[in-house]
Structure formats: structure tokens, C-alpha cells
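The values are calculated or read from the model by the stated rules, or taken from the named source; none is laboratory data. These numbers come from a predicted model, not from an experiment. Cβ placement follows ideal geometry from the backbone for every residue including glycine, while neighbour counts extend to all protein chains displayed. The accessibility values were calculated without ligands, DNA or RNA, using every heavy atom of the protein model including side chains. Shrake-Rupley method; radii C 1.70, N 1.55, O 1.52, S 1.80 Å.
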Amino acid sequence: AQVAADARLHLYSRPVDESQASTRLTGSIPMTERIDHDFQISPDSKRVYFLTLETIYGEYGSVDHARLYGAPIDGASVAKRLADIGGYAQDFSVSPDGTWLVYSVLIFDESGADPYRTELFSVPTDGHREPILLSSATRSSMEGFRIADRRVVFVASPPAGAGEELISITLEGTDRVVLGGTQLPLRGVTQFVLAPDRSRVVYLADQRTR
């Protein structure tokens with residue numbers, strides 16, 4: 001990102017062989033929004049996805065309102081808003097085929113013992129439908145997520161609060177599976193990694209059979 005004449009950070013793209021000048025990708029973003037430093041490029045190298053933040057002022061202070069955008073890497077058209085996130089965006093990632101984005105949001109909720117929880121969403125990169133809620137975890141420290149082709153794998157606490165579950169769900173929010181079912185309760189999952197072919201997950205946990 002570089003600084004433009006309006007004193008905001010913007011995203012630019014430029015050929016590595018210097019055959020063309022830089023193209024600004026975020027010029028259409030409203031002046032009230034600023035570009036976050038986290039951005040990603042689609043697997044086919046044709047699109048860029050990025051977050052913006054807008055500071056909303058209220059009676060008790062201010063809060064950053066996040067939004068998720070996509071734009072052609074060559075600047076052929078303006079950036080398109082894909083999701084009005086609202087809360088604090090923790091992370092986002094592009095699916096291997098480039099057709100979906102998955103993102104996690106930290107939500108403040110005074111109704112529970114832990115006032116913070118993490119919600120996980122998916123949204124098509126072409127913006128043809130609204131974001132889909134994949135999970136509303138009961139704790140704020142959800143250990144990230146991994147995209148396995150058409151599925152998302154993540155760790156979340158069940159409503160009963162008994163340890164953690166390693167969950168797999170489709171990008172469309174269907175066919176939710178608790179890996180290991182009721183026979184493999186997981187506690188304290190500290191890390192998990194997908195195999196390169198995305199067929200298996202390897203995880204580090206305190207696993208106890210019932």
C-alpha cells in the first residue's frame with residue numbers, strides 16, 4: 001500500500017517488468033473508510049481482497065466498523081463490497097478455487113459469562129449472495145480456520161462448554177460434522193494443520209476417549 005494525494009493508504013498493483021504504471025485499486029472506497037493492512041490475492045492472480053475500517057463514534061466512545069471488498073488486480077473495474085462485517089475482523093482467507101472468502105469476527109456480547117465470542121462467516125467472491133454464518137463459537141479464542149477445497153475446518157466450543165470440538169462444514173454452511181463425533185472429545189487444541197492435498201487434518205490436543 002502507498003499514500004495517495006488524499007492522505008489515505010491505498011492499494012496499488014504494478015507489473016514486475018515495469019511495462020505499465022501503477023494502478024490504484026481502492027480509489028472508489030468512501031472517504032470515511034481507511035484501508036486495513038491485511039489483503040490477499042486470489043489463487044488465479046486476478047483479484048485482490050481487502051478490509052476497510054470506518055470509525056463510528058457514539059455516546060460511549062468509538063468503534064471500528066469493518067467491511068470486506070474485492071477488486072480486479074488490473075483495476076479494470078471498481079472495488080465491490082462483499083461483506084459489511086461490522087465487528088472486529090480477526091482473519092480472512094480465499095478458498096483454493098477462488099470462489100469463496102471465509103472470515104472470522106470478534107463479537108461483543110454482554111449476555112454470556114465471556115463477553116466476547118468469535119463468529120465465522122463465508123461469502124462468495126462474486127457477491128451474488130449475503131454472507132453465511134458458519135459458526136458462533138462460545139469463546140473468543142477460536143484457533144483460526146483452514147479451508148479444505150469446499151469445506152472449512154475450525155475449532156470451537158460447543159454450547160455446553162465441555163472442551164472444544166474440531167468441526168468441518170461446507171462453504172455453503174451445510175453438512176456440519178464434528179470430527180471424531182462423540183467418541184473423540186477434544187480439550188485444549190493448540191494447533192491444527194491441513195495436509196497439502198487437504199484430505200486430512202493433523203491436530204495437537206489433549207484427546208481422551210469416553
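So, of the residues in the range 55-82 that are open to solvent by less than 30 Å² (accessible area, probe 1.4 Å) and assigned to a strand (DSSP E or B), which turns out to be farthest from His10 (Cα to Cα)? Filtering first and then ranking leaves Leu82.
Scanning the range 83-102 for residues that are open to solvent by 20 Å² or more (accessible area, probe 1.4 Å) and of a type in the set (Ser, Thr, Tyr) gives Tyr88, Ser93, Thr99. Given (1) within 20 Å of the chain's Cα centre (by Cα); (2) part of a loop (DSSP other than H, G, I, E, B), identify the lone condition not met by Gln20. Failed condition: (1). The set of residues in the range 19-34 being open to solvent by less than 80 Å² (accessible area, probe 1.4 Å) and aliphatic (A, V, I, L, M) consists of Ala21, Leu25, Ile29. Ile107 meets each of the listed conditions (1) open to solvent by 10 Å² or more (accessible area, probe 1.4 Å); (2) modelled with pLDDT of 95 or more apart from (2). On the stretch given as the range 169-210, residues that are at pLDDT 90 or above, crowded, with 16+ Cβ neighbours inside 10 Å and among the hydroxyl-bearing types (Ser, Thr, Tyr) total 1.
Of the residues making up the range 86-98, those that are in a loop (DSSP other than H, G, I, E, B) and touching a residue at least 40 places away in the same chain (Cβ under 8 Å) are Ser95, Pro96, Asp97, Gly98.
What do you reckon, is Leu134 touching a Ser or Thr at 6+ places or on another chain (Cβ under 7 Å), part of a strand (DSSP E or B) and either open to solvent by less than 20 Å² (accessible area, probe 1.4 Å) or modelled with pLDDT under 85 (or both)? Yes; evaluated as a whole, the condition is true for this residue. Is at least one residue of the range 150-168 of a type in the set (D, E, K, R), closer than 13 Å to Ser104 by Cβ, open to solvent by 40 Å² or more (accessible area, probe 1.4 Å) and at pLDDT 75 or above? Scanning the range 150-168, I find no residue that is of a type in the set (D, E, K, R), closer than 13 Å to Ser104 by Cβ, open to solvent by 40 Å² or more (accessible area, probe 1.4 Å) and at pLDDT 75 or above, so the answer is no.
Which members of the range 43-54 meet the condition of being free of Cβ contacts under 8 Å to residues at least 60 places away in the same chain and surrounded by 12 or more Cβ atoms within 10 Å (Cβ to Cβ)? Explain how you work it out, then say what you get.
The initial filter retains those residues of the range 43-54 that are free of Cβ contacts under 8 Å to residues at least 60 places away in the same chain, namely 43-46, 48, 50-54.
Matches in the range 43-54: Pro43, Lys46, Val48, Phe50, Leu51, Thr52, Leu53, Glu54.
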